[in-house]
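*Asks:* I'd like to ask some things about the structure below.
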Amino acid sequence: MVSASSVPSALASVSAEVTAWVNSVAQHTLPSQIHWCDGSEAEMAALRAQLLEQGDLQALNPETFPDCFLARSHPSDVARVEHLTFICTPHQVDAGPNNNWMAPADAHAQMDALFAGCMQGRTLYVVPYCMGPIDSPYSRCGVEITDSAYVVLNMGIMTRMGRAALERIGREGSFVRGLHSTGELDPNRRFIMHFPEELSIKSFGSGYGGNALLGKKCHALRIASYQARTEGWLAEHMLIVGLKNPQGETHYIACAFPSACGKTNLAMLIPPDTMPGWEVFTVGDDIAWLHPGPDGRLWAINPESGYFGVAPGTGPKTNRNAYDMIRKDTLFTNVALTDNNEPWWEGIGSGEPAIDWLGRPFDKANGPSAHPNSRFTVSAVHNPSYATEAESPRGVPISALVFGGRRRELAPLVYQARDWAHGVLVGASVASETTAAATGAVGVVRRDPMAMKPFCGYNFGDYWQHWLSVGSKLSKPPGIFHVNWFRQDAGGKFLWPGFGDNLRVISWILDRCAGKAAAQETPIGYLPNPSDLDTSGLHIDPAVLAEILSVKPEAWRSEAAAMGEYLDEFGERAPAALRQQLQALQQRLG
Ligand code: SAT
Ligand code: MN
C-alpha cells in the first residue's frame, strides 16, 4: 500500500482532514496505489489511454466522433437501484416512508465488511470536486474515493473536479465524504448508503451512473436536500432554463420531472419556426439548488458542469442541441454501434445498428440495440445553448417552478397553482409512470413528489414543511405550475406534439407570471383557455386541445382521495397546511 505521503507536491495544500480520511480508507481497502486527481486534461487523457488499453473503453469513429468513447457496463449494472439505496439516520422516522432505512451503525458495519481489502491490486483515486461554480457561496464540495477510472472520467465532466475544489475544501474545512468501490459488480453485494448527519456516502458493487458518480444524485440531491433543510434552501431534481422572448426579456424557470421524462430536452429546447424571436439558454438539465435571495426572489444554481443524458430518443428532430453537442469529447455508455463505428440508439433518426449494447451483432429479436437507459456524458460547455449565466456565483432568478410527470391520463397539459402553499400540494401530488432510469417495472404510475421520490434524503413530511417555510421567506415567490406533455388517446397516440412546441406552454407560463395572460379558474388551479395558448402553425385538432385543457371533476375527486391516503402514510409529519390545501381542493371539486 502506498502511504498518503504520495500527495503530489502540486496539491500540497490538502487539508489534514482529507489526508487523514484517505489514509484510513486506504488502510481498510488496501489499494496498490493512491492517485490524487488534479482534474487536468493530461490526467483525463492518461486515464482514457489506460482504459483503452485494458479494453474498458473503445474509441469511436475519429473522423465523425473525435475524442468520443464507448463504455459497456456489466449487463446487470445499467440503472439506479432504488431498492438497494438507503438513508441511514439514527431514527427511522427521520428517513420517512419514502426511503429505505438502516441504522447507521448497522449500515457502517455492513459496508465496512464489503470494503475490507476490496481495492487490492487496484488504484484508489481521490476525486475532489465542487458542486456549483467554484467561487459561489452556494456551492458545496465533496471528495469521492473510488477504484473506478470510468467514474473519475465521468466526475471530471460532471463536476468542477480537481485542484481548485481541493483548495476550496482546504479553505472551508467541510466536505461530503463519498466512498465508492465497484467491488465485484455482484447485484447481491451492492448497496448505496447515505449518512446525512455525517455528510457521508458509501456505495459498493455498482459502477453505473447515479449509483457511482457520487456527486450527482447521492451528494447533490440526497445529502444536499438534508443539508439544505438545515441551512434554509432547497436541493431539487430540476432543470434550469433561460427563455428570451421576442421583446428581449429573459426569464428563468426551474422544472422538476422524474428521470427520463425529458428534462434534458426541455433544457435545450429549440423554438419552433412558427415562434420567431425566442432564444433558449440552458443553465442545467437535472439538478437545481434554490436559495431565497436578499431581494425576496428565489435564485438557482446548477451544481453540475456536464450532462449525463439518456441517449435513446435523442435525435435532430427531438433535441438538435444535444445531438450536435455529443459529436466530440463525449463518453457513451451502453449505446449500440453502426458498422462505421459510430454510436447508435433508437430514435437517433438515421443509420442503423450493427453491434448492440452488449457487443453482439445486432438482432432485433434481442430487443432494442441500445440499452433504454444508455447515456452520454458530456461537458456543458459543448452545448450550443449553454447559458453563460450558469457560471454566475449568485445564480439566476427564478420566475416559475414547473412540476410534471409522465401521465397518459388525468393531468392536463398545464395548470397554475393558486399560490405557493397550493403549489406545494401540486408538487407533492406529482405522479409519473416509471422509466428505465431505475431497475424495476417500467410504465407503472407511482407517486413521485417533486420528482424527488428516489432522491430526498429525509422524511417527505418534513420536506414539504420545509418547502412551505422556504415560501414564507419569499416576498416575490415564483409562480408554481404543473405540466404533462404525455397525454395519450385510447390508442396510445400522444395528444400533444411536445419538444419545441412545449415553448407554447412555457410562453403562457411566463405571461401568467408577468400578469399578462388570461386563464380559466378550475378546481385544480388556473388553466389556459384554448385561445390563451399560442397555437399558430400548430395544426392541432381543436377537440384534442380542448381535451388536454380540461378538468374532469370525477377523476380528480379520486385523485384527491388517493392523495389523502398518500399523505396519511406520513402521519403526523405531513404538514397540517398541506392537508388544509387538500381539503380546500376537495371542497372546490365538490
Ligand atoms: O443514473 S442517474 O441517477 O445519474 C440518472 C437519473 O436517473 O436521472
Ligand atoms: Mn435525474
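*Asks:* Show me the ranking of peptides 284-291, 208-215, 392-399 by mean Cβ neighbours inside 10 Å, starting with the highest.
*Replies:* Values: 284-291: 26.0, 208-215: 28.4, 392-399: 20.1.
Answer by packing, highest mean first, reads 208-215, 284-291, 392-399.
*Asks:* Quick check: the angle from helix 460-472's long axis to the longest principal axis of the chain, C-alpha only, nearest 10 degrees?
*Replies:* Helix 460-472 sits roughly 70 degrees off the main axis of the chain.
*Asks:* Take peptides 524-534, 543-553 and line them up by average Cβ neighbours within 10 Å, highest first, as a rough protection proxy.
*Replies:* Values: 524-534: 18.8, 543-553: 14.5.
Ranking the peptides 524-534, 543-553 by packing returns 524-534, 543-553.
*Asks:* What whole-number value in Å² describes the accessible area per residue of the range 18-130 for a 1.4 Å probe?
*Replies:* On the way: 4780 Å² over 113 residues.
It amounts to 42 Å² per residue over the range 18-130.
*Asks:* Any idea how far the Cα center of the range 100-126 sits from the one of the range 313-340, in Å?
*Replies:* Cα centroid of the range 100-126 versus Cα centroid of the range 313-340: 36 Å apart.
*Asks:* Kindly express, to the nearest 10 degrees and within the range 0 to 90, the angle between helix 163-172's C-alpha long axis and the longest C-alpha principal axis of the chain.
*Replies:* The angle comes out at about 80 degrees.
*Asks:* Cα axis of helix 41-54 to longest principal axis of the chain: angle in degrees, 0 to 90, nearest 10?
*Replies:* Taking Cα atoms only, the helix is inclined about 80 degrees.
*Asks:* Rounded to the nearest whole Å², what accessible area per residue is found for the range 498-562 with the 1.4 Å probe? Show your work: numbers first, answer last.
*Replies:* Values: 2830 Å² over 65 residues.
With the other protein chains kept in place, the range 498-562 gives 44 Å² per residue.
*Asks:* A 20 angstrom limit on the alpha carbon distance is what I want to check against. Which of Lys217/Lys244; Lys216/Lys263; Lys476/Lys516; Lys516/Lys552; Lys217/Lys263; Lys244/Lys473 exceed it? Before the final figure, lay out the partial values.
*Replies:* Details: Lys217/Lys244 30 Å; Lys216/Lys263 15 Å; Lys476/Lys516 17 Å; Lys516/Lys552 27 Å; Lys217/Lys263 15 Å; Lys244/Lys473 27 Å.
Lys217/Lys244; Lys516/Lys552; Lys244/Lys473, as the Cα separations exceed 20 Å there.
*Asks:* Can you give the Kirkwood hydrodynamic radius for the chain, in Å, rounded to one decimal and based on Cα pairs?
*Replies:* Values: mean 1/r = 0.0409 Å⁻¹.
In the chain this quantity evaluates to 24.5 Å.
*Asks:* Can you grab the distance from the C-alpha centre of the range 428-459 to the C-alpha centre of the range 179-201, Å, no decimals?
*Replies:* With the range 428-459 and the range 179-201 each reduced to a Cα centre, they are spaced 21 Å.
*Asks:* Follow-up. Using a probe radius of 1.4 Å on heavy atoms only, what accessible surface per residue do you get for the range 306-382? Whole Å² is fine. All intermediate terms of the calculation are to be shown ahead of the outcome.
*Replies:* On the way: 3040 Å² over 77 residues.
I get 39 Å² per residue for the range 306-382.
*Asks:* Then there is this: Starting at 0 and stepping by 10 Å, how many percent of the alpha carbon pairs of the range 306-382 end up in each bin?
*Replies:* 22, 55, 21, 2
*Asks:* Further question: Sorted by average packing, counted as other Cβ atoms within 10 angstrom per residue and highest first, what order do 98-110, 195-207 take? If you can, show how the numbers build up before the last one.
*Replies:* On the way: 98-110: 16.5, 195-207: 23.2.
My ranking of the peptides, most packed first, is 195-207, 98-110.
*Asks:* Report in % the part of the accessible area of the chain that belongs to carbon and sulfur, leaving out ligands and nucleic acids; probe 1.4 Å. Write down the numbers at each step before the final one.
*Replies:* Details: 10990 of 21420 Å².
Of all accessible area on the chain, carbon and sulfur atoms account for 51 percent.
*Asks:* What number, in percent, do you get for the relative contact order of the chain if the mean sequence gap of Cα pairs under 8 Å and at least 6 apart is divided by its residue count?
*Replies:* Details: 1314 pairs, mean separation 83.7, N = 590.
It rounds to 14 percent for the chain.
The values are calculated or read from the model by the stated rules, or taken from the named source; none is laboratory data. Just so it is clear, the structure is predicted and the values come from calculations on it, not from any experiment. Heads up, the Cβs are rebuilt from the backbone with ideal geometry, glycines too, and the neighbour counts pull from every protein chain shown. Side chains included, ligands, DNA and RNA excluded: accessible areas come from the protein's heavy atoms. Shrake-Rupley method; radii C 1.70, N 1.55, O 1.52, S 1.80 Å.
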